[in-house]
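The structure under discussion appears below in the form of structure tokens.
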Amino acid sequence: MKLLLAFVFCTQINYITSITRIPLKKFKSIRYQLRQKDELEEFWLHHKPHVFAQKYTECFPSTLSLVSGLTSEYLFDYMNAQYYGEISVGTPPQNFTVIFDTGSSNFWIPSSYCASEACEVHKKFKSYKSTSYVHGGKSFSIHYGTGQLVGITGKDTLRISNMTIVAQDFGQSVVEPGQTFVHGQFDGVLGLAYPALAVANATPVFDQIVKENLVSQEIFSFHLVKDADSHYGGELIFGGVDNSLFKGPLHWVPVTEKRYWQIRIKNIKVQGKVQFCHNGCEAIVDSGTSLITGPSLQIQQLQNLMGASPALYGEYILDCAQISRLPSITFTIGNRDYTLTPDQYIIQERTSISSLCLTGFQPMDISTSHGPLWILGDIFMSKFYCVFDRKHDRIGFGKSVRRD
């Protein structure tokens with residue numbers, strides 16, 4: 001089913017600005033789909049234990065340490081991603097579904113020349129059918145946990161809702177590694193992080209949008225909806241915010257490293273008591289993954305505090321009947337508390353015969369010059385409306401509300 005896209009006007013602060021809305025559709029994660037088909041164990045048996053952390057390997061200077069935790073091989077690539085939107089490339093337009101990913105900067109879709117199994121089950125871009133396509137003449141590769149995605153570069157017209165971006169840099173994959181992308185319900189990835197992360201000297205999509213003066217404000221915002229019974233996943237807004245989607249004022253936090261959308265956490269509390277990041281720590285706000293990750297030792301301690309038991313593939317499970325008794329988890333950011341309740345950080349997967357409850361926290365060790373790195377994924381972003389401000393290099397948070 002195609003997504004309905006619209007171009008609307010919205011009041012932002014004290015003036016009128018045009019904004020472009022991209023509805024997001026929520027699918028079941030790859031991990032969930034494999035579990036339902038009883039194929040998750042076989043999937044992991046046939047994959048080498050590379051880690052999700054490799055998504056970030058070439059994004060930090062070589063002087064920084066990147067070490068995988070014992071169980072972090074569970075979390076790699078986009079195994080838990082759930083929110084996708086529709087875009088089109090070329091003239092006439094060819095439609096694709098992509099993850100809008102604040103944890104990467106490149107935009108890529110499968111090429112018609114791709115021979116990987118993943119490409120056979122997804123839409124492929126036919127450059128020879130586009131009258132506006134310009135061959136880039138470069139190869140590119142992106143490291144993922146299962147290996148390298150390899151392709152060729154090009155430029156073409158990109159359409160997102162009613163917004164048209166000309167001569168957009170993008171990659172066309174000719175090799176997609178492993179089985180992760182085979183099971184994904186997305187064709188490609190559209191990165192929204194800083195240019196410093198982009199490979200092949202590509203100009204990221206939002207930078208091109210700003211360059212072509214397609215937005216009056218250099219911001220974009222996410223409103224993610226966590227509803228197990230609905231395919232509606234919220235929306236991504238380019239060029240502004242929708243004040244009806246959050247309560248109170250936005251609270252702004254400066255970006256500390258202009259690569260990812262990286263910010264400083266003051267501390268992390270469990271049921272109101274500081275347990276982690278006593279002296280502060282760094283975090284990435286990443287729409288490309290669903291979970292929240294942190295240093296292995298601290299995540300293990302957090303699981304113990306919740307009474308969670310380790311299972312296969314780095315998962316931690318709980319008795320679903322105990323959810324209401326679990327503690328709240330609070331991230332203090334910029335002297336503001338952002339609290340997740342158990343029903344917000346527990347993932348409940350229903351089967352025909354039972355329910356399985358997993359915690360939304362997973363270990364991954366990434367050490368930077370600022371200390372250990374946490375990742376705040378969609379579990380966090382679905383509770384808080386997130387505004388990414390490129391002009392002022394900051395992120396704004398507000399408490400999300402549901403649209404009727």
Q. Tell me, what is the per residue accessible area of region 319-374 in Å², probe radius 1.4 Å?
A. 44
Q.
Probe radius 1.4 Å, ligands and nucleic acids ignored: give me the carbon and sulfur share of the accessible area of region 177-227 as a rounded percent.
A. 43
Q: Counting only heavy atoms of the protein chains, get the accessible area per residue of region 137-229 (1.4 Å probe) and round it to a whole Å² value.
A: 33
(Q) Suppose we take every Cα in region 315-404 and form the convex hull; what volume per residue is that in Å³? (A) 159
**Q.** Relative contact order of region 241-360, pairs being alpha-carbon contacts under 8 Å that are 6 or more residues apart, as %
**A.** 23
Q: Take the Cα pairs of region 195-338, get the Kirkwood Rh, then feed it into Stokes-Einstein at 25 °C and 0.890 mPa s and tell me D in µm²/s.
A: 133
Q: Run the accessible area of region 261-383 with a 1.4 Å probe and give the carbon-and-sulfur part as a rounded percent.
A: 49
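Plugging the Kirkwood radius over Cα pairs into Stokes-Einstein for region 76-190, at a temperature of 37 °C and a viscosity of 0.692 mPa s, what D comes out in µm²/s?
Result for D is 234 µm²/s.
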Q.
Once each part is reduced to its C-alpha centroid, what is the distance from region 249-314 to region 111-171 in angstrom?
A. 34
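Rounded to the nearest percent, how much of the accessible area of region 83-157 (1.4 Å probe, protein heavy atoms only) is carbon and sulfur?
Here it works out to 55 percent.
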**Q.** Positive minus negative residues near Pro92 (Lys, Arg vs Asp, Glu; Cβ under 15 Å)
**A.** +3
Q. Accessible area, 1.4 Å probe, largest first: how do Arg402, Arg325, Arg264 sort?
A. Arg325, Arg402, Arg264
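The values are calculated or read from the model by the stated rules, or taken from the named source; none is laboratory data. Predicted, not measured: the structure shown is a model, and the values here were computed from it. Cβ sites come from the backbone with ideal geometry, for glycine too, and all protein chains shown count toward neighbours. Quick note on the areas: whole protein, heavy atoms, side chains included, nothing else; ligands and nucleic acids left out. Shrake-Rupley method; radii C 1.70, N 1.55, O 1.52, S 1.80 Å.
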